[in-house]
Structures are given as structure tokens and as C-alpha cells.
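Quick notes on the structure that follows.
Where a number appears in this text, it was derived from the coordinates with a stated rule and is not lab data. None of the values given here were measured: they were computed from a predicted structure. We place every Cβ from the backbone using ideal geometry, glycine too, and count neighbours over all the protein chains shown.
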Amino acid sequence: MSVLAIDVGTTMIKSVVFDDQGNELAVSRLATEVQRRHPGWAEQDMDTVWNAVVHTVRNALAEITDPVWLVTFTAQGDGAWLVDAAGRPTGPAVLWSDGRAGDILIRWQREGVLDEAYRRNGSLTCSGMPNAIFSWLGCHDPQRLARSAASLTAAGWLFLRLTGVTATDESDASAPFLDHTTGDYDPEIVALFGLTSYARLLPKVLGEHERISEITSGAAAQLGLPAGLPVVMAPYDIASTARGAGVVNPGQACSILGTTLCTEIVRRDVDTSGEPSGINIAYRGRERILRAFPTLNGAEVLNWASRTLHLEGPPELAALAFAESEPGARGLMFLPYLSPAGERAPFLDPRARGSFWGLSLEHTRADLARAVFDGLSLVLRDSLVASRTSVTELRLCGGGANSAEWCALIADATGVPTARSGDTELGAKGAFLTGLVLSGAESSMHSAAAKYVRMRTTWEPDPERSAHYADLYESFLTWRTLARDAGWTAAAAPLPGPRAARETTHGQGALRA
């Protein structure tokens, strides 16, 4: 008997079949399209996402002979996947990486609203969260909200299509509205953002052991599965990936080197102190919290650098960087804030932009490439510092972890030993583990991780290089402060005009296997 795990990423949808030992029997992937109709926008067609799920599931099932007894899934988080009373989309999904609400975010930041909300639930709002999207739509497209009955996430949309249930889980609900003490929405946070009239759009929050239902006959027929199979909604993708990496106990940490560079640390409680930064995700009811720093800048920075340097892709960029340059890129510093939506973790600035510092005629293409990897690695260090949590090992996953050189660089840049899993699809693996626990096949997440998670390779920090990167990190912070003080950030985003731009992105991982 086997388990089908689905991972609905931003730029790649994957269906993975696991055997009863947790081994990957079949993997099917399909790239998806991020539509950018206007500057700063990031959307997806919801039916296209579902059709891609159907395609990958059928392809994966065609490769196996054992019957599937359980369906489990994870998906990208945040955003607003709005549906009407019949469960049909009222327009394209607005994604977590959407930046159209940047000016609203800046106003909330200036008025102290973001800080006050952070002190209540430990999550700092970004422009791709539902509160910002609701506010923008309320000003620019109120009819969209009026004809919508619920605002789901990608996982909620998939659960609706699979089971007919309109709901969300605690991880997806964590930011920005969840009260971590009750496991339900905090009406004071909703009111703080001026969104009480839109509270009707917030779907029911399912508790840790409520996220299991049965597949409908219609969905089963589309997917080629028996009707009535149990379906489990796992935590959203960054949390499921942490589980897939075996990061389940307090003090354990991982970094996802993918569409987002997301560093995550397990805690026992919500941290609302210090400088507002990152998010706190309900990880196991009210017993565990995942302190997470999901950046807006990740694999796309590597894709941009590859195109700019006329290289085929990130693997070639890495080969150039590590073979022909050196740690520190011969004095060249790179601030990797290239997202049109700015940055959201480990600091919030919708107008943050990237730059090279210290560039001279002596620098080569290899130095530019190396500076890109150095800069992204220092972002991971920045996130660990912001977490204010002692970490003894950093488990790496996502496409970027396919580069042994980058994994070793991250150990040097953070001063923390790094490790890489033997599995390739850790989001799906985390959904697999969650499905086993919620279905009763395993007694706890701790026992499931101990049984099924296998780490493959480790890297220890080199003392000399680590000292070099510690100094480089201080310079990194200095240059970032200088850039912001000098006003070298983007101007306020204009309102959408008649000219529409469309961007297609392929591949969730930063580096191919």
C-alpha cells in the first residue's frame, strides 16, 4: 500500500508516491505560470493549478502498481484564493509574492499598525498576506470582494476541490489573524487592520486533528483514485518542508533554498519581542511554533544572475562562482533584494532593492556570480540572528541544496554545521509524515520523523572562512543601511495602467539535481 503526497508550489506542482518505508516510488512534476499583468502583481489561474494537480497525480499513479490508501498534500501559503458561494474562483489567485499593496503596508508601518499586530501574534504582515490584499481590493476592486464568499489559500483551494470542505488549517491562518492561544482568528487583529466587514471571508480554522476528510467521487474520478479515500491537509509548504527535513523538536532548524530562502526554527512558544520580523506559524496545535523567515528573494535571484551573465541556469552559475572566484568575491558585495515587492524577512521594506557594492574594473563574471551566492548566504545568517535562538545544525533543502558547494558556503557564512536530506521532495515528505500521524498510522510527528527521515551529507564550518564571513556580515549590514538611508529604493509603485506585463517562471528549485 502506498501514500500519494501532493505539493502545490508557486512555480512547480509535484505529486509523489511513497511506499510504506517512506521511499519515493514515483514523482511527477509540472511547471506552473505566475502571471504578472501589472508591475508588482503576482497571480495564478486557480483552475489551471487544479488541472496541473490532476495531470501530475495521474502521471505518478501510472508508474506504480500498489494501491494508494491515503492522499495528503501541502501547498504555497498566504495570498488570497477567493471563491464564491458555489466554490468557484471569482478571479485569479493573488499570491504571497504579490506587491500591489506595498503602499498600504508602508502606511500601516508608519502608523504603528504592523508593530501592534506583531505584538499580538508574532507575525509581521507583508503585501502578499490576506489583510493587505483585502485592503487593496477594497479600494480598487470592491466588486471582487462582494461576489466572494471565502478567501482560501492554495491548500484551502485544493482541500475544497478534493473533499468539498471550505476551510483552512492553523498554519495557513497563523499570519496575520490567528490567536495562538485559542487556535482561532483574533477579532482585535481583524479590527486593527480595518477589516471587520471582510471577516465573513475568513474560512473555518481546522485544528491539528480535524484536517482529515474523504475524497469526493467527482475528484476521485478526475484523479484516477477510488472514492472515499482519506485526505489530509498538511501544514503549508514551508512548514511541511521543515517536517520533511525532520525539524520537529525545539531548537531544530532548516533553510529552504528555493523560490523563497526560508529559515525556520522550532520553538515551544510565540516570540513577540524584539524588532518585528518574520512570522510565527502554528506547527502542532498550541504545543509547537515554527519561527519562520520566508524571504521574497530566493531562486529567482539566481535565475536573474544566470540570465544576466548569459549562463544556462543556476547550476552553471554555481560552477562559475565556486571554480573561478573566492570567498568574499574579491571585495564585491551583493544585496540580493530583487523582488518587485521588496523584502519581508528578516526585515520588512516593500521598496527594498538590490545592488552591487565595491564593483571595479578588476572584477570578473565569476566574482559577480560568487557575490550573488555570498549575498544570499548572508541573508540566511541574517535570519538566524533575527531568530535569537541557539541553533546547532541547519538542515538544507530545496533545489539549491543540490549544490554541495553552496551547502558548504552556508556552513561557513552562518558558522553553523549544515546537513542535506537523502530525499528530494521534502514538502511532499512532510505531508507524508503528517498524513501518517493524522490517519493514526504513526503515533506522533517525533516518532514518524525518527523513522522515515534520513540525512545524507553534512558540512562543518571552516574556522578561517567563518571568521571572514563574520566580518563580511557586518559589512553587509552596513551597506544595506547605507542603501536605505541614501534612498536607493524603488519609488512608490504606480497604479495599474493599460499596459500589462506577463511573466512565466519555471522550476521551484534553485538548482537542478
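Here are a few things to note about the model shown:
- Calculated FRET efficiency for the pair Q21/E111, C-beta based, R₀ 60 Å, to 0.05: 0.65
- Pairwise centroid distance, computed over Cα atoms, of the stretch 157-233 with the stretch 94-134, Å: 21 Å
- Charge context of V16, other residues only, Cβ under 12 angstrom, K/R +1, D/E -1: -3
- 222 nm mean residue ellipticity, helices alone, for the chain (DSSP H n ≥ 4; -39,500 (n - 2.57); rounded to 500): -11500 deg cm²/dmol
- Two-site FRET efficiency, A191 against R58, from Cβ-Cβ distance with R₀ of 45 Å, rounded to 0.05: 0.50
- Cα radius of gyration and Dmax for the chain (Å): 21.5, 66
- Gyration tensor verdict on the stretch 173-266 (Cα atoms; rounded if a/c is under 1.5, prolate if a/b is larger than b/c, oblate otherwise): oblate
- The alpha-carbon of K451 sits under 18 angstrom from the alpha-carbons of these lysines, leaving out residues fewer than 8 places away in its chain: K429.
- Size of electric dipole in the stretch 151-193: Cβ of Lys, Arg +1 and of Asp, Glu -1, about Cα centre, debye, nearest 20: 300 debye
- Relative counts (whole %) of C-alpha pair distances in the stretch 1-141, using bins that are 10 Å wide: 11, 32, 26, 20, 9, 1
- For the stretch 267-339: rounded, prolate or oblate by the Cα gyration tensor [a/c cutoff 1.5]: prolate
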